[in-house]
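Laboratory data are not the source of any read-out in this text; all were calculated from the coordinates shown. Since we're looking at a predicted model, the values are computed, not measured. Cβ: placed from backbone, ideal geometry, glycine included. Neighbour counts: every protein chain shown.
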Amino acid sequence: MTSLRPPPWVIDVAFVVLAALDAWLASYPTETEDVVMAVIACAALFFRRRWPLAVFVLTLPAAALTDLVVAPAVALYTVAKLSADRRVPVVCAIVTAVSAAITFPFMEQVSRADAVVSGAYVVAWAAAPVLFGQLVRARDELAQRLVEIEQARDHERRLHAQAVLARERAQIGREMHDVVSHQVSLIAVRAGALMVAAPDTDTKEAARTIRGLSVTTLEELRHLVTLLRASGGRSTELTPQPTLADLRALVDSSGIAVELDGSLPADITGAAQRAIYRTVQEALTNVRKHAPGATADIRLWSTAQTLGVSITNTPSTRSALPLPGSGHGLVGLAERAELLQGQLLSGRTADGGFRVELRVPRS
């Protein structure tokens with residue numbers, strides 16, 4: 001669905017025009033410095049997205065010494081919306097309220113009731129933009145996390161569909177190998193026996209034809225079984241039997257900022273290649289689910305006796321929402337490593353990230 005929100009520059013121009021209109025309507029015979037402060041405060045709003053704190057500082061004199069309302073409020077709203085630290089907009093609101101209230105003792109003929117009302121107005125005027133800015137920021141973060149959750153679920157659905165397809169193909173391959181191939185082999189054997197014992201030429205020729213067709217069918221069946229066990233088909237994005245050649249495509253489709261470094265020998269076994277691929281796949285899936293906003297570093301390495309891969313991710317920049325999962329991903333990787341007489345290591349890093357490392361023998 002197309003967003004109906006206007007472009008950012010249109011919103012900025014509207015805020016500047018509104019602030020200028022506020023300054024013009026609130027104007028009365030003032031000093032030249034008051035006019036200069038109003039112009040600076042209104043013009044500074046053009047740069048509020050790039051330098052929100054600087055714009056706030058430029059609007060502060062106008063908030064303290066003039067009757068401008070819109071420009072300081074917009075500056076406070078921008079700081080609250082763009083600042084990741086919630087203490088910053090709170091401090092800015094307090095500074096604004098104190099600066100505006102400083103002039104109260106110098107106002108002539110102001111009763112105590114009027115001072116209380118004016119003070120309450122100043123506090124509300126400084127707090128409202130901050131609260132609204134934080135609300136908009138929370139809404140944007142929630143919308144972004146909903147998108148991330150949907151992407152993660154879609155990614156898991158694809159992986160689950162690929163796993164189911166791989167199991168089904170493997171089962172079909174076993175059935176074809178154990179049942180169909182066995183029956184066709186018996187047909188070929190019986191046809192060969194009939195060729196030897198046939199009493200006439202026509203029968204021998206028919207038996208020879210049956211035997212030839214049976215042998216051809218067996219070759220086709222072996223080819224189909226090999227295909228079923230080796231690939232999930234062209235319709236899947238990630239094949240059930242991947243190799244190191246598919247590692248770059250996996251990294252590019254992960255949706256994470258990943259640095260891939262190192263290389264492995266070209267003569268390593270297919271089982272080791274699949275173990276390395278599945279380890280990287282599971283680690284990137286966990287980063288996406290449990291460390292939103294984190295980056296990952298993948299290093300391939302090998303020595304004279306061992307080879308492996310390590311995946312290290314930085315701490316998350318946002319709080320992670322609970323996502324569905326089996327919780328057996330690392331357990332399955334450890335079992336796969338044990339089958340290869342290798343080892344899987346995992347744990348937290350010193351900076352709060354996470355590291356997964358697979359080590360397998362080169363032989």
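Out of Thr279, Thr317, Ala296, whose Cα points farthest toward the positive end of the dipole of segment 258-324 (charges: +1 Lys, Arg; -1 Asp, Glu; placed on Cβ)? The one lying farthest along the dipole's positive direction is Thr317.
Once you sort the root eigenvalues of the Cα gyration tensor of segment 8-143 as a ≥ b ≥ c, which label holds: rounded (a/c under 1.5), prolate (a/b larger than b/c) or oblate (the other case)? Oblate is the answer for segment 8-143, as a/c is 1.5 or above yet b/c matches or exceeds a/b. Approximating the spin labels as points 7 Å out from Cα along Cα→Cβ, the Glu33-to-Arg248 distance works out to 6.5 nm. The separation of segment 241-305 from segment 48-76, counted between C-alpha centres, amounts to 49 Å.
For segment 248-363, the residue among Leu333, Gly270, Thr306 whose Cα projects farthest onto the positive side of the dipole built from Cβ charges is Leu333. For the pair Ser263 and Lys204, the difference between a 0.36 nm per residue extended length and the Cα-Cα distance amounts to 15.3 nm.
Given R0 = 22 Å, the distance between the Cβ atoms of Val91 and Gln144 translates into a calculated FRET efficiency of 0.25. When only the Cβ of Lys, Arg, Asp and Glu is charged (+1, +1, -1, -1), the dipole of segment 254-355 relative to its Cα centre reaches about 300 debye.
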